[in-house]
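Each value in this text was obtained by applying a stated rule to the coordinates, not by laboratory testing. Predicted model, so just to flag it, every value in this text is computed and none were measured. FYI the Cβ positions are ideal-geometry reconstructions off the backbone, even for glycines, and counts take in every protein chain you see.
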Amino acid sequence: MTRRKEELREFRDLKDGGCVKYGNNSFGTTKAYGMITNGDFSIRKVAYVEGLQHNLISVSKLVVGIGLKVSFDDEGSEIIEKNTKAVLLKSQRKGEMYPLNLNPIRGKPTICLLTKAHFDESWLWHRRLSHLNFKEINKLVLGDQV
C-alpha cells in the first residue's frame, strides 16, 4: 500500500475500493491500484490508499504472490529471486525496522542492453557512474565514446 500516487505506474482508479483500518482505529480509502518498480522487479496490484501515513509492503505477497524469497537478519533484509538466486533488493536494518529503499522509476523504464557485463555488475556500474543511463554505459562497454 502506498500514499504516493506518483510512484504508481499502470494506475487504475476504483469506483468502490473499500477501506483500510489503521492501528489507531481510523480508516483510509483504497482509491486505486497500480504497479511500482525499481527496474529489477515490479510489484503489481499496489493499493493507493488515501490517508496512509507510511508505505507498507506485505512479505507474504512477495513470497506467496510473486514467488520471491525474503530473508531478515540483524543487519538487514534481502529480497531474492528464487530461481536465479539474484538479490533484487537489499536494505539495512534501522532500529527495529527493516525499511525498503525502492526508489521507483518514474515513467517508462529504459531497457538494459549491456551485453558483456553480468546483471549485478551492470547495476553496480550504473550507480558508480552517478546513475549514467544504460544507453551510454552500453557505448562504454562496446568501446564507443560517450
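With 0.36 nm allotted per residue and the present C-alpha distance subtracted, the residue 69-residue 136 stretch has 20.9 nm of extension available. Spin-label pair residue 26-residue 12: with each label point 7 Å from Cα along the Cα-Cβ axis, the two points sit 3.0 nm from one another. Of 21/61; 31/61; 15/90; 15/82; 45/135; 90/135, which ones are farther than 27 Å apart at the Cα? Checking Cα-Cα distances, 15/90; 15/82; 45/135 exceed 27 Å.
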